[in-house]
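Heads up: the structure comes next, in structure tokens.
None of the figures in this text is laboratory data; all of them are computed from the coordinates on show. Predicted, not measured: the structure shown is a model, and the values here were computed from it. When we count neighbours, we look across all protein chains shown, and the Cβ atoms used for this are built from the backbone with ideal geometry, even at glycine.
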Amino acid sequence: FGVQLLLDLLTYARIMPSVNQCELTPYLPQHGLVKFCLDQGILPEAYGPLGALLGIFHGNDKYENVKKCIENEDIVDIAKKHGKSPAQVILAWNLARGVKVIPKSSNPGRVLENLQATEVELEAEDIAKINAITTRVRIYESNHLIGYDIFA
């Protein structure tokens, strides 16, 4: 849910939501939504936090020149600086914002790597650098996935 849908829900819900699962990547950080959720005591939870599905939409002009989040130069630079993977940096960035992350992997090595993101300590300048990324792409667009737009 976006802020508008949450505002609507909060006017009539008898049981308040405790978690809001949404797309939260460096390309769609939704800072206002994250702040709203945290201010309301709702845990923002990022699905697809690494933006991995971007590749399936290549061929669509909208995504033709967009690199995957893990290939973004700023993220790669931060990863090299800390001796970590770009995926760990992205996960650590979301964790630093108070966002719970649920990356998917069936590769045991990547699962372990993702878990180790909790040990990554990003500096304020690293977080600011990721926050300053200007690429804006909603990777999980409902009209591509289910045929109609569900985002308010």
Checklist entry - Highest mean first, what order results for 29-35, 90-96 on Cβ atoms within 10 Å? => result 90-96, 29-35
Next on the checklist: Please enumerate, by chain and number, the lysines with C-alpha under 19 Å from the C-alpha of LYS104, excluding those fewer than 8 residues away in the same chain.
Outcome noted: LYS68, LYS84
Checklist entry - Each residue of segment 10-16 in order: what ³J(HN,Hα) in whole Hz does its phi give by Karplus 6.51 cos²θ - 1.76 cosθ + 1.60, θ = phi - 60°, with x for Gly and Pro? => result 5, 6, 10, 5, 7, 10, 6
Next on the checklist: Going by amide H atoms built from the backbone, whose H comes under 5 Å of the H on LEU28, apart from near neighbours?
Outcome noted: VAL137
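Please state the shape class of segment 1-140: rounded when a/c is under 1.5, otherwise prolate if a/b exceeds b/c and oblate if not, all from the C-alpha gyration tensor.
Working: a/c = 1.75, a/b = 1.41, b/c = 1.24.
Judged from the Cα gyration tensor, segment 1-140 comes out prolate (a/c at least 1.5, a/b above b/c).
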Checklist entry - Hey, what do the phi angles of segment 74-86 turn into as Karplus ³J(HN,Hα) couplings, whole Hz, using 6.51/-1.76/1.60 and θ = phi - 60°, x for Gly and Pro? => result 5, 5, 4, 4, 5, 4, 4, 4, 9, x, 10, 8, x
Item to check | Under-5 Å amide H pairs with TYR47, H placed in peptide plane, nonlocal only | outcome: CYS22, GLU23, LEU24
Item to check | LYS100-TYR47 pseudo-label distance in nm [points 7 Å out on the Cα-to-Cβ vector] | outcome: 1.4 nm
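Where does each of 109-118, 39-48 land if you order them by average Cβ count within 10 Å, highest first? Please list the in-between numbers first.
On the way: 109-118: 14.4, 39-48: 16.4.
Taking the mean over residues of other Cβ atoms within 10 Å, the ranking is 39-48, 109-118.
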Checklist entry - So how far apart, in nm, are the two label points at GLU71 and TYR12 if each is 7 Å from Cα heading toward Cβ? => result 4.5 nm
Checklist entry - Once phi is turned into ³J(HN,Hα) by the Karplus curve 6.51 cos²θ - 1.76 cosθ + 1.60 with θ = phi - 60°, what whole-Hz value does each residue of segment 120-134 show in order, with x for glycine and proline? => result 7, 10, 6, 7, 4, 5, 5, 4, 4, 5, 5, 4, 7, 4, 9
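Residues with beta-carbon under 14 Å from that of GLN21, excluding GLN21: net charge, scoring Lys, Arg +1 and Asp, Glu -1? Write out the running numbers ahead of the final one.
Numbers: positive: LYS100, LYS104; negative: GLU23, GLU45.
Net charge around GLN21: 0.
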